[in-house]
Amino acid sequence: MNTKIKPDWAGEGLLSKFVNFLIQTKPIYNLMKHQARQVLIKTAEKKDIPWRKNYEELEASGIKQQLSTVVNSNIVYPDYYKVPFHAYPEGNLCWQAAFEAKSATYSMALRVWPKENLTWLAAHERLRGSFHNVLATYVTQPVHDILDIGCSVGISTQTLHRYYQKNQASPICTVGLDLSPYMLTVAKSLDTNGEICKWIHAQAENTGEPSNTFDLVTLQFVIHELPRNISKEIFAEALRLLRPGGCIAIVDNNPKSPVIQNLPPILFTLMKSTEPWSDDYYSFDIETALEDVGFEKAITIASDPRHRTIISQKPLPRLNKTGV
Ligand SMILES: C[S@@+](CC[C@H](N)C(=O)[O-])C[C@H]1O[C@@H](n2cnc3c(N)ncnc32)[C@H](O)[C@@H]1O
């Protein structure tokens with residue numbers, strides 16, 4: 001049985017420190033950054049994800065002119081968000097990241113079942129399906145209002161919306177929220193049927209949305225991209241936004257997964273070189289952090305070979321002795 005709670009390549013250990021030393025050495029970092037992008041694009045194109053074509057289509061579509069329709073000009077971007085990310089010098093705050101996000105999302109799904117020769121579409125459906133199955137089992141209150149935090153270009157938002165809408169006659173209102181106006185502009189353009197209620201440009205830790213308005217708040221593949229103090233603030237904000245009995249659901253890399261723990265050195269080094277908060281994430285006790293801000297005890301399920309889903313409920317009001 002696997003008892004290690006996190007990979008040796010993350011955290012405070014010797015291997016982790018050595019990898020970090022390589023990453024902090026500028027010429028080596030630049031080379032790794034370049035390699036990381038090449039690995040991503042090649043894997044995608046080998047499996048028929050038209051990476052360059054998707055990019056060119058968005059570039060030619062003229063959607064850059066729509067940026068002002070999503071921008072919230074009151075936002076001051078926090079420092080942790082302005083660091084280089086995924087080999088983009090401006091992190092998520094650029095068109096290149098937004099135009100490549102769709103292809104990168106489908107590519108990520110393919111990495112979960114590398115030996116099964118799935119198409120990118122089948123891999124993506126299976127990835128989201130494994131998350132939705134956990135929701136079906138553990139989110140027992142009715143769900144009408146959904147907030148997808150860190151929605152990126154809206155693929156997680158739309159799949160989640162369709163999953164809940166398919167199972168209910170009354171309309172579901174799903175909202176996507178992200179701090180990158182570039183991602184949101186693409187999200188809005190991909191939402192061709194206007195299925196999503198609202199796309200919000202805001203900081204997840206301070207959304208400005210009213211309290212007690214959602215039944216479900218999701219964070220899909222977001223927390224591993226954040227320093228843990230910010231994740232804790234986001235949990236507190238999610239608690240405020242949820243109605244009593246509503247749930248937070250987090251799906252992200254599973255530090256206990258043997259696949260993640262045994263990643264080949266080249267892959268974990270490339271991953272760490274493009275995701276600056278990895279050390280913080282892989283040793284972060286998310287379940288305790290949720291309880292600390294006021295959620296009920298969390299349930300954690302290894303939802304696929306690389307990821308875990310964590311679900312926790314906002315407490316219902318306690319009845320007094322007279323039952324009121
Ligand atoms: C990996 S992407 C999420 C992918 C998407 N949820 C999916 O499953 O396809 C992470 C997203 O989180 C967003 N993000 C990071 N920090 C944020 C914050 N503090 N507030 C809002 N969005 C944030 C980023 O801009 C990025 O679009």
Worksheet item: Across region 258-273, which residue is nearest to the ligand (Cβ to nearest atom) among those that are of a type in the set (S, T, N, Q) and crowded, with 20+ Cβ neighbours inside 10 Å?
Response: Ser273
Worksheet item: Before we move on, is Tyr106 over 16 Å from Gly150 (Cα atoms), free of Cβ contacts under 8 Å to residues at least 60 places away in the same chain and in contact with a helix residue (DSSP H, G or I) (Cβ under 6 Å, 6 or more places away or on another chain)?
Response: no
Worksheet item: Picking from Ser273, Ser257, which residue would you name as being under 28 Å from Tyr88 (Cα atoms) and in contact with a strand residue (DSSP E or B) (Cβ under 9 Å, 6 or more places away or on another chain)?
Response: Ser257
Fill in: Search result, residues across region 200-233 that are more than 10 Å from the ligand (Cβ to nearest atom) and surrounded by 22 or more Cβ atoms within 10 Å (Cβ to Cβ)
Phe214, Leu216, Val217
Worksheet item: Which of the residues that make up region 197-206 are closer than 16 Å to Val70 by Cβ, in a loop (DSSP other than H, G, I, E, B) and touching a helix residue (DSSP H, G or I) at 6+ places or on another chain (Cβ under 6 Å)?
Response: Ala204
Worksheet item: Failed condition for Arg243, given (1) part of a loop (DSSP other than H, G, I, E, B); (2) over 20 Å from the mean Cα position of the chain (by Cα); (3) within 16 Å of Thr218 (Cα to Cα), with all others met?
Response: (1)
Worksheet item: Do the conditions hold for Phe131, that is, is it of a type in the set (Phe, Trp, Tyr), touching a strand residue (DSSP E or B) at 6+ places or on another chain (Cβ under 7 Å) and in contact (Cβ under 8 Å) with a residue 60 or more places away in the chain?
Response: yes
Item to complete: Identify the residue in region 242-252 that is surrounded by fewer than 21 Cβ atoms within 10 Å (Cβ to Cβ) and of a type outside the set (D, E, K, R) and, among all such residues, is nearest to Val143 (Cα to Cα).
Response: Gly245
Worksheet item: Regarding Leu177, is this residue under 27 Å from Val112 (Cα atoms) and touching a residue at least 40 places away in the same chain (Cβ under 8 Å)?
Response: no
Fill in: Residues satisfying the stated conditions in region 150-197, i.e. of a type in the set (S, T, N, Q), away from the ligand (no atom under 16 Å from the Cβ) and either farther than 24 Å from Glu100 by Cα or within 13 Å of the chain's Cα centre (by Cα) (or both)
Gln165, Asn167, Gln168, Ser170
Worksheet entry | Subset of region 46-84 (residues that are assigned to a loop (DSSP other than H, G, I, E, B) and touching a Leu at 6+ places or on another chain (Cβ under 9 Å)) | Lys47, Ile49, Val70, Val71, Ile75, Tyr77, Pro78, Lys82
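Coordinate-derived values only; no laboratory data. Model, not experiment: these values are computed from the prediction. Backbone-built Cβ (ideal geometry, glycine too); neighbour counts: all protein chains shown.
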